[in-house]
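These notes concern the structure reproduced below.
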Amino acid sequence: MGAFAAVAVPAPLPALTYAVPAALDELVQPGCRVRVPLGPRKLVGVVIARSDRPPEGIDSVKEILECLDVEPVLPAALLELGGFISEYYLAPIGDTLKAMLPSSLPPWGERRITLTNAGAVAPPRDDGEAVVREALLASPRLRLAELQRQLGRADLAVIVEKMRVDGRVSVEETDRRGIRYVKAVELKPGDAAEQDERVGRSAKGRAVLAHLRELGRPATLGELSKAVGCGPGVMRRLVGLGLLRQFTQPERLSLARHRLATTERPEIILRPDQQDSLDALEAALGADRYQAFLLRGMTGSGKTEVYFRLVATALEAGRGAILLVPEIALVPALARGARARFGDQLAILHSNLSTSERHQEWERIRRGEARVVLGPRSAIFAPLTHLGVVVVDEEHDSAYKQDVVPRYNGRDLALVRARANRAVAVLVSATPSMESRHNVDSGKLDALTLTRRAGGAKLPESVLVDLRAEDVVRQPGEVVLSSILKNEITRALEADDQIILLRNRRGYAPTLLCRACGENFECPECGVSHTVHRRDRILECHHCGHTLPIPDRCPQCDAEALEPIGAGTERVEERFKELYPGVAVEVLDADVSKRPGGAAAVLERFGSGATQVLIGTQMVAKGHHFPRVALAAVLHADSYLGFPDFRAVERTYALLTQLAGRAGRGERPGRVVVQTYHPEHYAIRAALDHDDVAYAREETRFRRSFLYPPFARLVQVVARHKERARAEAAI
C-alpha cells in the first residue's frame with residue numbers, strides 16, 4: 001500500500017497522517033522536516049513516526065509535498081522529549097517540536113541549484129549526473145526539494161555535492177538569513193607516507209597534510225593559510241592531486257561579544273567539602289546511571305568550580321554536557337570560565353544571538369564539534385549526543401518557566417532529559433526552591449552541601465533600613481535613598497570600591513498618569529499599564545510588548561498634566577547622577593540586554609573597573625563574581641512581597657540572599673543595605689542574618705498550612721478569546 005508518516009504540524013492539532021510519495025520514501029525519516037498541505041495552507045512540520053498503513057477508518061490520505069532535510073534535524077531523544085512535553089504540559093506536539101528548533105535553521109531542500117557552463121558542455125560521468133543534468137537543462141534553476149521530488153533518488157545529495165565540487169553545478173548557499181559560506185578542505189583517507197610521497201618536494205604541501213592529520217577535522221582555507229603560512233595555490237594543487245576534498249561550510253562566527261574576556265585563571269585547590277561533592281558526582285557519572293543531585297552552598301562557596309570539573313570528567317569519558325542559566329545576562333561570565341576550560345568545545349545558545357550565530361552553534365552541536373552547551377532554558381533542546389551531565393544553575397529561579405506555548409519548566413525538563421540519557425543532573429543554588437528541598441527530603445534528589453566561601457572570604461555585614469522611620473516627604477516618582485544608604489555609598493566611593501544597586505523595575509517609571517483626568521495608558525491588548533521608557537521615548541507594555549510614543553499631552557483630555565509615577569532603573573540612574581556627579585554608572589536590565597553587545601558589554605566594563613556603580617534589576621543579583629564590590633543595596637526589598645503569588649516570599653528571600661552574595665567576594669569586606677517597609681518579615685530577617693534554616697522552617701509551615709506546593713500540585717487553566725463571555729463559557 002506504500003508508506004505513511006505521522007507529521008506534527010505547527011497548529012493546535014495532534015499529529016496528522018500523510019502518505020509518503022515513492023520519490024521521497026528513503027528521505028522521509030523521523031526528525032526530518034517536511035512540507036505538507038493542511039486545508040488551503042502548506043505548512044512545514046516534523047515527521048515523528050512512519051508506518052505501513054494509515055490509521056483505521058481513514059480511506060484517503062494527502063501526500064507529503066517535499067522533504068526539506070537530507071538527515072533528521074531532531075534526533076530520537078529530542079522527539080521523545082517533545083512527546084513528553086506535549087503530553088505532560090498539554091501542548092500541541094507541532095508547536096512543541098517547532099519550539100525545539102531554531103527558527104534560523106535553513107532547510108537543505110530550500111537551496112537552489114543551477115547548471116554551470118562546464119556542466120552543460122561536459123558529458124555526464126554516470127547515470128546520476130545524467131538525470132540531474134537533464135532535469136536542470138529543462139528547468140535551469142530548481143530548489144533541491146523540487147529536484148528530489150522529480151528524480152526520487154536517495155543519493156541526490158551525494159550526486160549534487162560531487163558535481164558542485166567539480167564545478168558542474170552551482171548551489172545558492174548564501175540565503176536571505178545572511179549566513180555566509182567559506183571554502184574548506186578535509187584530508188581524504190589514505191596512507192600518510194604514500195600521501196607525502198605524492199606531494200613531492202613541496203614542504204608547504206606536506207605541512208598542510210600534517211596539520212590536517214593533527215587537527216583530525218576539516219579546516220577552512222584561511223585557517224590553513226594562517227597555521228602553515230601557505231597560499232591558496234598549495235591547497236588547489238593538493239585538491240588536484242586527489243589528496244584533499246574541497247567544499248564549503250558556514251563561516252565560523254566569533255561569539256566573543258557574548259562572553260566576558262578571558263583572564264588568567266589561578267590554580268584552584270578544592271576544599272574538602274568541594275572534593276567530597278565532586279567525588280560523589282563523578283561516581284554517579286562513572287556508574288553510567290541517572291542520578292540527580294542538589295548542590296547547595298552559600299554564595300561564593302565555589303559551586304561553579306565543582307560542576308566545571310564534573311563537566312571536564314564527562315568530556316574525558318566521551319560524553320557531553322548542558323549548562324543552564326536562568327537569564328541571558330548570566331551567560332557572558334559563565335561563558336568566560338567555560339571557554340577557558342573547554343575551548344572550542346563550548347557552544348552558546350540563546351535568543352540574543354544573531355540568526356547566523358544560532359544556526360552555526362546548532363550545527364556545531366549536531367555535528368559533534370561542540371560538546372558543552374551553555375544557555376538559558378531553551379538550551380535543554382540542544383541536539384547533543386552522548387549526554388553525560390546536565391547542570392541547572394540558580395535552579396530556584398522562576399525564569400526557568402516558559403510562559404508561552406509550549407509552557408514548560410526548564411529545570412524539570414533537565415531532570416527528564418538526564419533520566420532518558422542515564423546522565424547526572426545537578427541542580428545548583430545558594431537558595432534552593434521549596435520543591436527541591438522537599439525532593440531532597442523525599443529521596444528524589446541527593447544533597448551535596450558546600451559550607452564555606454572560597455578563598456576564606458566572609459559573608460557581608462548586613463544593614464537594615466526601616467523606611468517607615470525615614471523622615472522624608474516622598475513624591476510619587478521620588479527615588480528613595482535613605483540617609484544611611486547615602487552614607488554607605490559615599491564611604492564606598494571614597495574608598496574607590498564598586499557598588500551594586502538593585503531596583504527590580506526596568507524602564508523609567510511603571511506608570512504614566514494624567515493628573516487632570518486619571519488616564520493611565522493601559523495596554524489595549526492586555527489591560528496592563530504601559531511602562532515609561534524615557535531613554536527610547538516610548539511607553540511599553542512589559543506583558544505583551546505593545547508600544548506607543550510618549551505623548552506631550554493627554555490623549556483623553558488634552559491637558560499638559562502627564563506625570564511618571566514610581567521609579568525604575570532609568571530613574572534611579574538619573575537620581576544617582578544628580579547626587580554623585582562624575583561617578584561612572586551604568587544600568588543592567590532586560591532592555592540593555594537587547595542592545596548590540598548587550599549585557600556582556602556592561603558587565604565587561606564593570607568587571608574591568610571602568611564603571612564604578614551598577615544599577616539594575618534582578619539580573620545584577622545572580623551569579624556574578626566581582627571582587628571589588630564592597631557595597632550591595634536593595635532600594636525596595638518589598639517589591640516581591642506584595643505580589644499575589646504564593647511564591648512571593650520565596651522570591652524575596654532568594655533575591656536578597658543572592659544580592660548580598662555579590663558583596664565581599666574578594667579581599668574587601670562587604671556590606672549589604674536593605675531598605676524595607678517590613679523589617680520584621682521573616683524572609684527579610686533570614687536573608688540579612690544568613691539564616692537559611694529559619695527561613696525554610698517558616699516557609700514550610702506557611703506552605704503546609706495552605707496546601708501550596710510542594711505539598712500539593714497546582715494547575716493553571718487559561719481560556720482566551722477576544723470576547724470575555726465566550727472565554728468564560730468555554731471554562
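The values are calculated or read from the model by the stated rules, or taken from the named source; none is laboratory data. In this text the structure is predicted, and so the values were computed from the model without any measurement. Glycine gets a Cβ as well: all are built from the backbone with ideal geometry, and neighbour counts include every protein chain shown. Just so you know, the surface numbers come from the protein's heavy atoms only, side chains and all, with ligands and any DNA or RNA stripped out. Shrake-Rupley method; radii C 1.70, N 1.55, O 1.52, S 1.80 Å.
The table below lists the values:
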| quantity | calculated |
| --- | --- |
| Modelled FRET efficiency - R0 41 Å, residue 490 with residue 595, Cβ distances, 0.05 increments | 0.85 |
| Packing-based ranking, highest mean first, of 407-416, 201-210 given that Cβ atoms within 10 Å are counted | 407-416, 201-210 |
| Between helix 303-316 and the chain: long-axis angle, C-alpha atoms, 0 to 90°, nearest 10 | 10 |
| Protection-proxy order for peptides 718-730, 60-72, each taking the mean of Cβ atoms within 10 Å per residue, highest first | 60-72, 718-730 |
| Solvent exposure ordering (accessible area, 1.4 Å, most first) of 517, 554 | 517, 554 |
| Gyration tensor (alpha-carbon) shape descriptor, the stretch 311-425, a/c threshold 1.5 | rounded |
| Where 530, 625 fall by accessible area, highest first, once all protein chains stay in place (1.4 Å) | 625, 530 |
| Lysines with Cα under 23 Å of residue 486, excluding same-chain neighbours fewer than 8 positions away | 577 |
| 14 Å beta-carbon shell around residue 44, net charge (K/R +1, D/E -1) | +2 |
| Cα→Cβ-extended label distance, 7 Å offset, between residue 543 and residue 526, nm | 0.7 |
| Gain upon complete extension [residue 468, residue 42; 0.36 nm per residue less C-alpha separation] | 147.1 nm |
| Length gained when the stretch residue 103-residue 210 is fully extended (0.36 nm per residue, less Cα-Cα span) | 34.6 nm |
| Contact order normalised by residue count of the chain, Cα under 8 Å, 6+ apart, percent | 10 |
| Proximal aspartates and glutamates relative to residue 722, as straight alpha-carbon distance under 18 Å, when same-chain residues fewer than 8 apart are discounted | 522, 525 |
| Degrees, to the nearest 10: 569-579 long Cα axis against longest axis of the chain | 50 |
| For the stretch 32-46, 3J(HN,Hα) per residue [Karplus equation, 6.51 cos²θ - 1.76 cosθ + 1.60, θ = phi - 60°, Hz, x = Gly/Pro] | 8, 8, 9, 9, 9, x, 9, x, x, 9, 10, 10, 9, x, 10 |
| Spacing of the two label points (7 Å from each Cα toward its C-beta) at residue 723 and residue 459, in nm | 5.9 |
| Total formal charge among the other residues, if their Cβ is under 14 angstrom from that of residue 385, Lys/Arg +1 and Asp/Glu -1 | +3 |
| The stretch 282-413 - share of DSSP beta bridges that are antiparallel (%, nearest 5) | 10 |
| Carbon and sulfur %, accessible surface of the chain computed with the full protein complex present, 1.4 Å | 50 |
| Prolate/oblate/rounded call for the stretch 16-59, Cα gyration tensor, a/c under 1.5 rounded | oblate |
| Protection proxy ranking of 369-381, 158-170 - average other beta-carbon atoms within 10 Å, highest first | 369-381, 158-170 |
| J(HN,Hα) series, the stretch 221-236, from Karplus relation 6.51 cos²θ - 1.76 cosθ + 1.60, nearest Hz, glycine and proline x | 4, x, 5, 5, 4, 5, 6, 9, x, 10, x, x, x, 5, 5, 4 |
| Nearest-ten-degree value, helix 127-138 long axis tilted from longest Cα axis of the chain | 80 |
| Cα-Cα over 23 Å, subset of 458/622; 162/226; 98/162; 162/204; 188/226 | 162/226; 98/162; 162/204 |
| Net charge contributed by nearby residues that have their C-beta within less than 13 Å of residue 485 (K/R +1, D/E -1) | +2 |
| Residue 116 versus residue 556: modelled label distance in nm, points set 7 Å from Cα along the beta carbon direction | 6.9 |
| Accessible surface, the chain, averaged per residue in Å² (probe 1.4 Å) | 47 |
| Quarter of Cα convex hull surface for the chain, i.e. mean projection, nm² | 39.9 |
| Amide H contacts under 5 Å for residue 182, placed H, 5+ residues apart | 249, 251 |
